[in-house]
Structure formats: structure tokens, C-alpha cells
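*Asks:* Below is a structure I'd like to ask you about.
Just so you know, all these numbers are worked out from the coordinates, no wet-lab data involved. As the structure is a computational prediction, the values presented were derived from the model and not from experiment. Cβ atoms come from the backbone with ideal geometry, glycine included; neighbour counts cover every protein chain shown.
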């Protein structure tokens, strides 16, 4: 009997007083909302950082393409290493990048693209004429025997926080017409 009275008294006290009290609700709400708010902030920061890195890599690739397109003397392996060092410095991808530079021309009679030369640094392979023959959807329309410099870059992106974004590779495909010479040559101009 005594146990029953204690139980009913406790139930009525909880029902009346405890359910109507509001003095701890802010702390409970904060405990529920703060982790979600913190995760949302880190996710937004990671997404912003990913877009920033894509933009930085693209600008670095355009800078490299523009520099190579202005060359009037043949370029060589040491020039290409310097270009990759510059790309890694500009894109902040120290040691985690690859670069491929190619000279491509168009033959209107055959309606095909051909590779004059292609050089690479990193884990990619050099382009051949067979690779670029039918790149009509990738390359611009060119006049007959016109050349362009193609710069392709790859850099690894590692998100700053583990919020769902995964590691990925940022790839750029930049083509530029030679500026001061009819073409850019590799080691010698034949």
C-alpha cells in the first residue's frame, strides 16, 4: 500500500510539475542542434574549399598554357620540369600532380587532328596522333595546318575535413594558339 502511494505521488508530481518546467530546455536543444550546426559549417567550408581548388588549378593550367604559347625557341625537358614546378606552386599540389604538353595540328583534307609532339611528367602517357585523330568535340575548329598547344594537368584534391566529400582528381584541359611563332617546337624544329 505504501509503495502504491509513493508511486501515485511520484506520478502526479512528475505529471504536474516536471512536464511544465522549462528551465532546462535551452541546454537540451543546444546539445541536439550544435553537432548538426558544426557539421553543416564544416561541410560548407569543405565544399567552398573544393570549388576554390578547382578554380586555382584551372587558373594555373591557363597560366602554363599561355607561357608555353609565347615561346619562340624550342622547349625541352628542363623547361617542362620548370613548368610542372610552377604549376605545383600555383595550385598548391606539391608532388601530387601530372602534366602533359602537346602540339597538335589539323589537316582539313583528312578532317583529322595530328600530334606533332607530346611530352609528359607524372603518371600519364604521352599523346599520339591516333589518340587525337577524332577529337572534334574536344578541340576547336582550326584552319588547315593550324597548330595549337594543349596543356593537360592532373592534381589530387584532399578535402580538409571528412564530411562526405571524397578525395578526387582535378583535371584541366587547356588549349592555346601559339602567339609569336607558327608553332611551339620540342628540342628542335624540323
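*Asks:* Report, for the chain, the % of DSSP beta bridges that are antiparallel, rounded to 5.
*Replies:* Within the chain, antiparallel bridges account for around 95 percent of the total.
*Asks:* Just grab the label-to-label distance for residue 62 and residue 166, each label 7 Å out from Cα along the Cβ direction, in nm (one decimal).
*Replies:* About 3.0 nm, to one decimal.
*Asks:* Provide 177, 183 in ascending order of the number of other Cβ atoms located within 10 Å of each residue's Cβ, fewest first.
*Replies:* Ordered from fewest to most neighbouring Cβ atoms within 10 Å, 177, 183 come out as 177, 183.
*Asks:* So between residue 78 and residue 144, what do we pick up on full extension, going 0.36 nm a residue minus the alpha carbon distance?
*Replies:* Result: 20.6 nm gained on full extension.
*Asks:* At each listed q (0.14 Å⁻¹), what is the log10 of I(q)/I(0) that the Debye formula gives for the chain modelled as equal alpha-carbon point scatterers?
*Replies:* Listed by q, the Debye log ratios stand at -0.85.
*Asks:* Same structure, new question: Rounded to the nearest Å, what's the spacing between the alpha carbon centres of segment 47-78 and segment 118-190? Just the number, please.
*Replies:* Measuring centre to centre over Cα atoms gives 10 Å.
*Asks:* Then there is this: Calculate how many DSSP beta bridges within segment 125-190 are antiparallel, expressed in % of all such bridges and rounded to the nearest 5.
*Replies:* The antiparallel proportion sits near 100 percent.
*Asks:* Tell me what the chain gives for mean residue ellipticity at 222 nm when only DSSP H runs of n ≥ 4 count, each as -39,500 (n - 2.57), the sum divided by the residue total, rounded to 500 deg cm²/dmol.
*Replies:* Result for the chain: -13500 deg cm²/dmol, rounded to the nearest 500.
*Asks:* Over the chain, what is the relative contact order in percent, taking alpha-carbon pairs closer than 8 angstrom and at least six residues apart?
*Replies:* So the answer I get is 26 percent.
*Asks:* For a footprinting-style exposure proxy, rank 184, 26, 132 by other Cβ within 10 Å, fewest first.
*Replies:* Going from least to most buried by this count: 26, 132, 184.
*Asks:* Can you compute the radius of gyration and Dmax for segment 114-190, using only the Cα atoms, both in Å?
*Replies:* That works out to 16.3, 53 Å for Rg and Dmax.
*Asks:* Let me ask something else. Within segment 124-161, which residues have the backbone N less than 14 Å from the label spot 7 Å out from residue 179 along Cα→beta-carbon, could you tell me?
*Replies:* Within reach of a label on residue 179: 149.
*Asks:* What spacing in nm lies between the two simple spin-label points modelled at residue 156 and residue 86, each 7 Å away from Cα in the Cβ direction?
*Replies:* Rounded to a tenth, the inter-label distance reads 2.5 nm.
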